[in-house]
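The values are calculated or read from the model by the stated rules, or taken from the named source; none is laboratory data. Just so it is clear, the model here is predicted, and its values are computed rather than measured. Here the Cβ positions follow ideal geometry from the backbone for every residue, glycine too, while neighbour counts run over all protein chains shown.
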Amino acid sequence: MFSFFKSSGSNIKVVDKVWMTSAARLQACRALHGANSQCLFLVWFEESAIALKQVVPEDAVILTRDVELQQTQNRMLVFAEHYPLRKTEDELYKRLNLNEVNVLSALDEPLFSFFGGERIQEMMRRMGMDEHELVGHNMITSAIKRAQQKLEQRVISEQKATSQQKWFELNFPA
């Protein structure tokens, strides 16, 4: 009855865990799967799936376009990267009936490069942080969400791609 008072935003809690490098993120994925063999890694791009399958069993990795709700039952779901557009992520989260989502990322990924990941990496190094140290905070999640929303505003007709890098090349040509 009073649905017009509800927020139009997503009620899905996203928990971001960020490493300095993709190599460190992949090592964290290996450790996570070693600790819980029921872990299922979801990735948006084929190139990411190939890289992840080199460090965890092949059946522990699935492309988001191929995932079905029944595959996720009794599994610990972990997204091994962000999709550049938040709306696309939210649609999948809702389709899978997720209330909380863990996303593992790295500052050297194209998404972070788009909004200054190199500067953040340099700042972290100057602070003495190791590339294998995890960074996670609500401010990071909020910054990623804002960046994705800015990207959505600039993408007129999205071109799909096999990698995050290629996605940016196709959708934001130099």
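Being among the charged types (D, E, K, R) and in contact with a Ser or Thr (Cβ under 9 Å, 6 or more places away or on another chain) is the filter here; which residues of segment 43-86 pass it? First the steps, then the outcome.
The initial filter retains those residues of segment 43-86 that are among the charged types (D, E, K, R), namely 46-47, 53, 58-59, 65-66, 68, 75, 81, 86.
Those that are among the charged types (D, E, K, R) and in contact with a Ser or Thr (Cβ under 9 Å, 6 or more places away or on another chain): Glu46, Glu47, Glu81, Arg86.
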query = Taking segment 58-101 as the region of interest, how many residues are over 15 Å from the mean Cα position of the chain (by Cα) and either part of a helix (DSSP H, G or I) or of a type in the set (S, T, N, Q) (or both)?
reply = 14
Within segment 106-133, considering residues that are touching a helix residue (DSSP H, G or I) at 6+ places or on another chain (Cβ under 7 Å) and assigned to a loop (DSSP other than H, G, I, E, B), the one farthest from Ala23 (Cα to Cα) = Phe115
task = Go through (1) modelled with pLDDT of 90 or more; (2) in contact with a strand residue (DSSP E or B) (Cβ under 9 Å, 6 or more places away or on another chain); (3) under 20 Å from Lys13 (Cβ atoms); (4) buried (at least 18 other Cβ atoms within 10 Å of the Cβ) one by one and return the number of the condition Ile144 breaks.
result = (1)
Residue that is modelled with the highest pLDDT [pool: residues in segment 118-141 that are surrounded by 14 or more Cβ atoms within 10 Å (Cβ to Cβ) and closer than 22 Å to Thr88 by Cα] = Thr141
note = The residue from Ala24, Ala51 that alone is surrounded by 13 or more Cβ atoms within 10 Å (Cβ to Cβ), among the hydrophobic types (A, V, I, L, M, F, W, C) and either farther than 30 Å from Phe172 by Cα or touching a strand residue (DSSP E or B) at 6+ places or on another chain (Cβ under 8 Å) (or both) is Ala24
remark   = Every listed condition ((1) under 15 Å from the mean Cα position of the chain (by Cα); (2) free of Cβ contacts under 8 Å to residues at least 24 places away in the same chain) holds for Ala31 save (1)
